[in-house]
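Please read the structure below before turning to the comments.
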Amino acid sequence: MSTRDELRELARGFRWGRRPLVPRSAEPYTEPHEDIGFPTDWARSKAGVAARRVILRGGMLPIVSTELSLRVYGTDHLEDVPGPVIFYSNHSSHLDATLIMCTLPERWQKKTGVGAARDYFFDVWWRQAFTALVYGGFPIDRGRGGQTAISKARELVDEGWSIVVFPEGTRSPDGHMQRFRHGASRLALELGVGLVPVAIIGAYQAMPKGRWWPRRGRPVVTMRYGEVLYPEGGETHQHLSTRMQQAVMQLFDEDRTDWFQALTRAERGETPSLAGPAGAGWRRTWEGSRPVPRRGRPQTWK
Amino acid sequence: MPRPGFVLEVDERTPPLLVHEGEGYRMQKFPLGTRVIYPPDSLPGIDDLNAAIKHALLNPMGDSAPLPDLLHAGMKLTIAVDDISIPLPPMITPDVRQRILEHVIELAARAGVDDLEIVVATALHRRMTAAEIRRMVGERVYRSFWPKALYNLDAEDTANMTIVGQTDHGETVQIQTRAAESDLIVYVNINLVAMDGGHKSVAVGLAGYESLKHHHNVNTMLHSKSYMDPREGHSAINDSVNRMGRLLKDNGVKIFQIETTMNADTFPSQLGFLNKREWEWSAKDQALMAGAKQANDLAPPRIRREFFRRIEAPYKVTGVNAGEVEAVHERTIENLHRQQLVEVQGQSDIAIFGIPYIGPYNVNSVLNPILVHCLGLGYLFNMYRNQPIVREGGVAILFHPVPWEFNTIHHPSYIDFFEEVLAETTDPKQIEATFEERYAKDPWYIHLYRTSHAYHGVHPFYMWYWGAHGRDHCGDVIFVGGEPKSVARLGYRRADSLRDALEMAKDTVGSGASITYFHAPPIMIADVK
């Protein structure tokens, strides 16, 4: 490796010019506190579920359908799956949770809650209430081992609730998929539940980080639900995370090509990566924000 | 209170981690989820070392009387000291051995002792040079005793070696005649790792081949799991040495043991980043590391070696204990564990070790391929209690360039061992049965051992056996960056990068393997639960 490359690696690894970070497992131990934060159980009561159904079906879905050209595939994979499961997807937009909750079949929708970042969605009362009511949300501590969150997730799964998580931890800054953290795979291994991959294609182009409303022009957003993955005996959480990532990549490939091609490419280990191009940062954003082409017959009336 | 050791899990926030690789180091990115074992922070040293030494000599442990009460005019007193193989790197002067020797000699002078000799307990190690001895014992001791009453042990001087007896396991116990006949042996030890000290000091340090062959053999090494765990039943070599030590005691050999332990200040302040955890490196540390690495990579090999040779460890003493051997050693091990023990949960499929530039047998010399094997699969692999870091059948990945390079003065028999023995077989048992005795009794190697500064002819065999347990335990051993020919001669595989090595390891442990990186030096012991 040349000196220049070495220095570049160092600069990246040690975050030169930015705030240094301590690896999570090396963070100083802090006494666990009893603070359970904003109560969310009320949102999963019968009344809460009914209210959520009204909001999602009567409010959110019409808005989403009006503002986006939404296409949903693969929900048939969920038909014979016994619950609960963990839904997970790539994460590039605030639309993601809404899209999943709106497009889930009813059987699943009424018993699914979204794991939402405590530091963002559970900071002020009105956002907490909104997240809990609309998404059945429960708080997740990003990057703190999240014992409270894990125990909450465990409690929900024990009660038969499915959960939605975004293993990337945060929205992609450039539309490309980031590395999956291991929280979801650890949880699946611990609880022995299945994982349903969901690919959300076009959400970044429709409403990237920094926007609060989708772009004009009904951008195309495609949702693809995949087949459920189950942890294998003796599997490590790292390996399961890799399989989870592969499954989402395969759904993206399926969207670009077709089911059979995606399947054969996956068998050959040739599924295209979603990591995006290397090189300057602008290239990644440029590629990530390339509009998703419309397919099918052109509209008669524009 | 200093922080204990801990196990890091590599995440996306983790910077590249430092990995030693011979006379250099690299910054290596590890796969996410890799466990990294870090040693505890350095313990504070004893503020008033002279007072601590005096206190230890006057308040001995076990059934021993205070040292002044054991010294009297007309007695024969032998003081034995550990040789240059510890500590590593050599510590800054004054060496703790000098400090202790001065106190002991002062007491002996006051008691009217005339017959006093100081022997460097080299066993079959190379003789230390006069300059090395002067550095170790200090000017005053050196001027008073060198060379007549301060000398290296000559274990091949058969006229001056005595067989004291045989243990109930049939092990011959042979030590230097002068020591066996002394009214008192005072042993001055540095306990750098858990296998040092205790009965090993006299029963091994002052012994010859006739005695050493009973425990420095393949069978014993394969049953020492690990030899860094001296608890009864865990280390066959330690159990054997204990039997020998007890036999010495039963035969009236009186030993006053002085043992010391060091903290973890392994590298001097200008290389202070080597003692720290990477994410705690200041901007200065990062700049120092980058600068030193570039300078080191660009430097001619001779300059690079000289730079490393001159490194002196600013070790501070954390404990001085004296008295009866077993009582002292128990306290020493407690002290050592306070500094070195790290609790680790479970084994992993792959263990990664960075092999540093120095081991016990290449001080002021070259770490030749056999010593690389010994340091990696012998010392580093065995730095555990209960069970190895890597599971049985797992893969050990070692970082070292493994140059085909030998010091002809220090390691002449190593060259022949590498060229002749390893060219034929790498199986320790076969090597032991076919070649050991010939090398051990070769007159030329014995001559070089006695008159030059050469390790004994049998020493490369011991180094090979030292790694026998690690070799036997692992399903595959891969050297990252190793010279192809020398790695092949050792019977291992090589890779250009960690990524390649991990890919190769899949042949043995499959995909999704768990990985643990043993981030040493500083020295530590993984207590694998």
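The values are calculated or read from the model by the stated rules, or taken from the named source; none is laboratory data. Because the structure is predicted, anything quoted here is derived from the model rather than measured. Methodologically, a virtual Cβ is constructed for each residue, glycine included, from the backbone with ideal geometry; neighbour enumeration extends over all protein chains shown. Remember, those area values only see protein heavy atoms, side chains included, never the ligands or the DNA or RNA. Shrake-Rupley method; radii C 1.70, N 1.55, O 1.52, S 1.80 Å.
Residues that are part of a helix (DSSP H, G or I) and touching a Ser or Thr at 6+ places or on another chain (Cβ under 9 Å) within segment B:158-184 comprise B:159, B:160, B:177, B:178, B:179, B:180, B:181, listed in sequence order. I'd like to check something: does segment A:27-44 contain any residue that is open to solvent by 60 Å² or more (accessible area, probe 1.4 Å), more than 14 Å from chain B (Cβ to nearest Cβ) and among the small types (Gly, Ala, Ser)? There is no residue in segment A:27-44 that is open to solvent by 60 Å² or more (accessible area, probe 1.4 Å), more than 14 Å from chain B (Cβ to nearest Cβ) and among the small types (Gly, Ala, Ser). May I ask you to list the residues in segment B:33-64 that are open to solvent by less than 10 Å² (accessible area, probe 1.4 Å) and in contact with an Asp or Glu (Cβ under 7 Å, 6 or more places away or on another chain)? Of everything in segment B:33-64, just one residue is open to solvent by less than 10 Å² (accessible area, probe 1.4 Å) and in contact with an Asp or Glu (Cβ under 7 Å, 6 or more places away or on another chain), namely B:33.
Taking the conditions exactly as written (in contact (Cβ under 8 Å) with a residue 60 or more places away in the chain and either more than 22 Å from the chain's Cα centre (by Cα) or not in a helix (DSSP H, G or I) (or both)), does residue B:455 satisfy them or not? The answer is yes for residue B:455.
Kindly indicate the residue of segment B:242-292 that is of a type in the set (Asp, Glu), more than 30 Å from residue B:172 (Cα to Cα) and in contact with a helix residue (DSSP H, G or I) (Cβ under 8 Å, 6 or more places away or on another chain) and also surrounded by the most Cβ atoms within 10 Å (Cβ to Cβ) among those meeting that condition. Going through the qualifying residues, I end up with B:265. Checked against (1) more than 27 Å from residue A:173 (Cβ to Cβ); (2) open to solvent by 70 Å² or more (accessible area, probe 1.4 Å); (3) more than 14 Å from chain B (Cβ to nearest Cβ), residue A:63 passes all but a single condition, namely (1).
The rows are residues; the columns are (1) of a type in the set (Ser, Thr, Tyr); (2) more than 14 Å from every other protein chain (Cβ to nearest Cβ); (3) more than 30 Å from residue B:209 (Cα to Cα); (4) touching a helix residue (DSSP H, G or I) at 6+ places or on another chain (Cβ under 8 Å).
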{"residue": "B:442", "(1), (2), (3), (4)": "no, yes, no, yes"}
{"residue": "B:454", "(1), (2), (3), (4)": "no, yes, no, yes"}
{"residue": "B:475", "(1), (2), (3), (4)": "no, yes, yes, yes"}
{"residue": "B:485", "(1), (2), (3), (4)": "no, yes, yes, no"}
{"residue": "B:498", "(1), (2), (3), (4)": "no, no, yes, no"}
{"residue": "B:502", "(1), (2), (3), (4)": "no, no, yes, no"}
{"residue": "B:520", "(1), (2), (3), (4)": "no, yes, yes, yes"}
{"residue": "B:526", "(1), (2), (3), (4)": "no, yes, yes, no"}
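All conditions in (1) at pLDDT 95 or above; (2) crowded, with 21+ Cβ neighbours inside 10 Å hold for residue B:156, with the sole exception of (2). For segment B:274-286, the condition holds for at least one residue, the condition being that it is within 14 Å of chain A (Cβ to nearest Cβ) and among the polar types (S, T, N, Q). Taking first residues from segment B:474-496 that are open to solvent by less than 20 Å² (accessible area, probe 1.4 Å) and partners that are β-branched (Val, Ile, Thr) and assigned to a loop (DSSP other than H, G, I, E, B), the Cβ contacts under 6 Å between residues at least 6 apart in sequence or on separate chains come to B:479/B:402; B:482/B:402; B:486/B:402; B:487/B:402. Taken over segment A:1-20, the criterion of being farther than 13 Å from residue B:281 by Cβ and within 10 Å of chain B (Cβ to nearest Cβ) is satisfied by A:1, A:3, A:6, A:7, A:9, A:11, A:12.
For segment B:44-64, does any single residue satisfy the condition of being within 14 Å of chain A (Cβ to nearest Cβ) and in a loop (DSSP other than H, G, I, E, B)? There is no residue in segment B:44-64 that is within 14 Å of chain A (Cβ to nearest Cβ) and in a loop (DSSP other than H, G, I, E, B).
The residue that is nearest to the chain's Cα centre (by Cα), counting only those in segment B:509-529 that are within 25 Å of residue B:356 (Cβ to Cβ) and not in a loop (DSSP other than H, G, I, E, B), is B:525.
Within segment B:65-96, being open to solvent by 20 Å² or more (accessible area, probe 1.4 Å), in contact with a helix residue (DSSP H, G or I) (Cβ under 6 Å, 6 or more places away or on another chain) and not in a loop (DSSP other than H, G, I, E, B) holds for one residue alone: B:68.
Yes/no matrix, rows are residues, columns are (1) of a type in the set (Asp, Glu); (2) touching a Ser or Thr at 6+ places or on another chain (Cβ under 7 Å); (3) under 27 Å from residue B:41 (Cα atoms):
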residue: B:230; (1), (2), (3): no, no, yes
residue: B:235; (1), (2), (3): no, yes, no
residue: B:245; (1), (2), (3): no, no, no
residue: B:280; (1), (2), (3): yes, no, yes
residue: B:294; (1), (2), (3): no, yes, no
residue: B:297; (1), (2), (3): yes, no, no
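Just to be sure before I move on: is residue A:232 at pLDDT 85 or above and charged (D, E, K, R) in the structure I sent? Explain how you work it out, then say what you get.
Working: at pLDDT 85 or above: yes; charged (D, E, K, R): yes.
Yes.
Only a single criterion out of (1) at pLDDT 95 or above; (2) hydrophobic (A, V, I, L, M, F, W, C); (3) farther than 22 Å from residue B:256 by Cβ is not satisfied by residue B:104, namely (3).
Being at pLDDT 95 or above, at positive phi and not aromatic (Phe, Trp, Tyr) narrows it down to one residue among B:395, B:402, B:421; which is it?
B:402
One residue stands out among those in segment B:1-10 that are buried (at least 16 other Cβ atoms within 10 Å of the Cβ) and out of contact with any Gly (no Cβ under 9 Å at 6 or more places or on another chain): the one that is farthest from the other protein chains (Cβ to nearest Cβ), which is B:5. Within segment B:380-393, the set of residues being of a type outside the set (Lys, Arg), assigned to a strand (DSSP E or B) and either surrounded by fewer than 24 Cβ atoms within 10 Å (Cβ to Cβ) or under 20 Å from the mean Cα position of the chain (by Cα) (or both) comprises B:384, B:392, B:393. Return yes when residue A:222 is β-branched (Val, Ile, Thr) and open to solvent by 30 Å² or more (accessible area, probe 1.4 Å) and no when it is not. No, not satisfied.
Scanning segment B:417-429 for residues that are touching a residue at least 24 places away in the same chain (Cβ under 8 Å) and open to solvent by 30 Å² or more (accessible area, probe 1.4 Å) gives B:423, B:426, B:429.
Out of the residues in segment B:454-474 that are among the small types (Gly, Ala, Ser) and out of contact with any Lys or Arg (no Cβ under 9 Å at 6 or more places or on another chain), which is nearest to residue B:154 (Cα to Cα)? Among those that are among the small types (Gly, Ala, Ser) and out of contact with any Lys or Arg (no Cβ under 9 Å at 6 or more places or on another chain), it is B:467. How many residues are assigned to a helix (DSSP H, G or I) and either in contact (Cβ under 8 Å) with a residue 60 or more places away in the chain or touching an Asp or Glu at 6+ places or on another chain (Cβ under 6 Å) (or both) if we restrict to segment B:97-142? Residues in segment B:97-142 being assigned to a helix (DSSP H, G or I) and either in contact (Cβ under 8 Å) with a residue 60 or more places away in the chain or touching an Asp or Glu at 6+ places or on another chain (Cβ under 6 Å) (or both): 6 in total.
Within segment B:506-518, the residues that satisfy the criterion of being more than 14 Å from every other protein chain (Cβ to nearest Cβ) and either open to solvent by less than 10 Å² (accessible area, probe 1.4 Å) or not hydroxyl-bearing (Ser, Thr, Tyr) (or both) are B:507, B:518.
Note on segment B:11-31: among residues that are at the interface with chain A (Cβ under 7 Å from one of its Cβ atoms) and closer than 17 Å to residue B:514 by Cβ, the one that is surrounded by the fewest Cβ atoms within 10 Å (Cβ to Cβ) is B:11. Only a single criterion out of (1) out of contact with any Lys or Arg (no Cβ under 9 Å at 6 or more places or on another chain); (2) more than 26 Å from residue A:257 (Cβ to Cβ) is not satisfied by residue A:177, namely (2).
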